[in-house]
Amino acid sequence: MSEVEIKLTKDEALVLFDFVSRFSNDDKLIIQDQAEERALLNLTCVLEKQLAEPFSPDWKKIIEAAKNRLRDDI
């Protein structure tokens, strides 16, 4: 499987960790602070620079295949 390397500032990493940890505990993705929104938007920008696939005409097939690979086996 291919890997993508992304770089975050320490503050972005801390805020995103807190956001994702809260989701893990509560099962709710609720932005509680504007800093969380900024960190998510910054992450999106970083990923846009790394990924060509979201701009492909086959995007729906590509993302569905990726989701299938990531799902837990039941």
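The values are calculated or read from the model by the stated rules, or taken from the named source; none is laboratory data. Every value quoted in this text rests on a predicted model; they were computed, and no experiment measured them. Reconstructed Cβ throughout: ideal geometry from the backbone, glycine too, with neighbour counts over all protein chains shown. When the accessible area is computed, the model is the full protein with side chains, heavy atoms only, and any ligands, DNA or RNA have been set aside. Shrake-Rupley method; radii C 1.70, N 1.55, O 1.52, S 1.80 Å.
Pairs are defined by a Cβ separation below 9 Å, a sequence spacing of at least 6 or placement on different chains, a first member in the range 1-16 that is within 20 Å of residue 29 (Cβ to Cβ), and a second member that is open to solvent by less than 100 Å² (accessible area, probe 1.4 Å) and outside any helix (DSSP H, G or I); the pairs so defined are 15/33; 16/8. The number of residues in the range 1-48 being part of a helix (DSSP H, G or I) and within 22 Å of residue 67 (Cβ to Cβ) comes to 11. Scanning the range 34-53 for residues that are on the phi > 0 side of the Ramachandran plot and loosely packed, with under 11 Cβ neighbours inside 10 Å turns up nothing.
Residue check: is residue 63 outside any helix (DSSP H, G or I), surrounded by 11 or more Cβ atoms within 10 Å (Cβ to Cβ) and touching a helix residue (DSSP H, G or I) at 6+ places or on another chain (Cβ under 9 Å)? The answer is no for residue 63.
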